[in-house]
Amino acid sequence: MRYFRTLGATAFATATGLTFVGAAFTGTATAAPESLYAPSALVMTIGAGADPSSDTVVRAVTLTCAPTPSGSHPTPEAACAELAAAEGDFANLTDLRGGRPCTREWKPVTVTGDGVWQGRRVSWSATYGNPCELRARTAEGAVFAF
């Protein structure tokens, strides 16, 4: 009689153990990455004011670059290509472009870029004296043309 109880307990433990192993194995299989690309997803804003933490956001867009360009940005393909050429560094996209005169009025605008670029966290902002100066710095570029 004792042999059958031990055999029954062993069979029960084995069946239960297989159930837990199967559940654990199944859970691991669903955690596989959807893509082999490092994520690149950004939120970019243009705000009225000189402090990104308290500015009034005038415009905002999303931009996803991997695996394919998408988002609410009007030209995601061109914006992603520019960011790739700049290695994800927004500062490399704001060079002063020649030939655009601006007034010296103080009406600050702040541009921000926050999110993930090729798997690493990025947070960038720059404040310009007025909207004309912003356009002069980013003219011809697609990233801030929204």
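For the reader, a short list of remarks on this structure follows.
- Of the residues contained in segment 114-130, none is found to be in contact with a helix residue (DSSP H, G or I) (Cβ under 6 Å, 6 or more places away or on another chain), surrounded by 14 or more Cβ atoms within 10 Å (Cβ to Cβ), over 20 Å from ALA38 (Cβ atoms) and touching a residue at least 24 places away in the same chain (Cβ under 8 Å).
- Test: residue in segment 117-134 that is assigned to a helix (DSSP H, G or I), within 22 Å of ALA48 (Cβ to Cβ) and in contact with a Phe, Trp or Tyr (Cβ under 9 Å, 6 or more places away or on another chain): yes
- Among (1) out of contact with any helix residue (DSSP H, G or I) (no Cβ under 8 Å at 6 or more places or on another chain); (2) more than 14 Å from VAL43 (Cα to Cα), the one test that LYS107 misses: (1)
- Complete set of residues in segment 42-61 that are under 17 Å from the mean Cα position of the chain (by Cα) and surrounded by 15 or more Cβ atoms within 10 Å (Cβ to Cβ): LEU42, MET44, THR45, ILE46, VAL61
Every residue, every condition in (1) at pLDDT 95 or above; (2) in contact with a strand residue (DSSP E or B) (Cβ under 6 Å, 6 or more places away or on another chain); (3) not hydrophobic (A, V, I, L, M, F, W, C), yes or no:
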| position | (1), (2), (3) |
| --- | --- |
| SER53 | no, no, yes |
| THR62 | yes, yes, yes |
| ALA86 | no, no, no |
| THR112 | yes, yes, yes |
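The values are calculated or read from the model by the stated rules, or taken from the named source; none is laboratory data. In this text, all values refer to a predicted model and were calculated from it rather than measured experimentally. Using ideal geometry, Cβ is built from the backbone for each residue, glycine included, and neighbour counts are taken over all protein chains shown.
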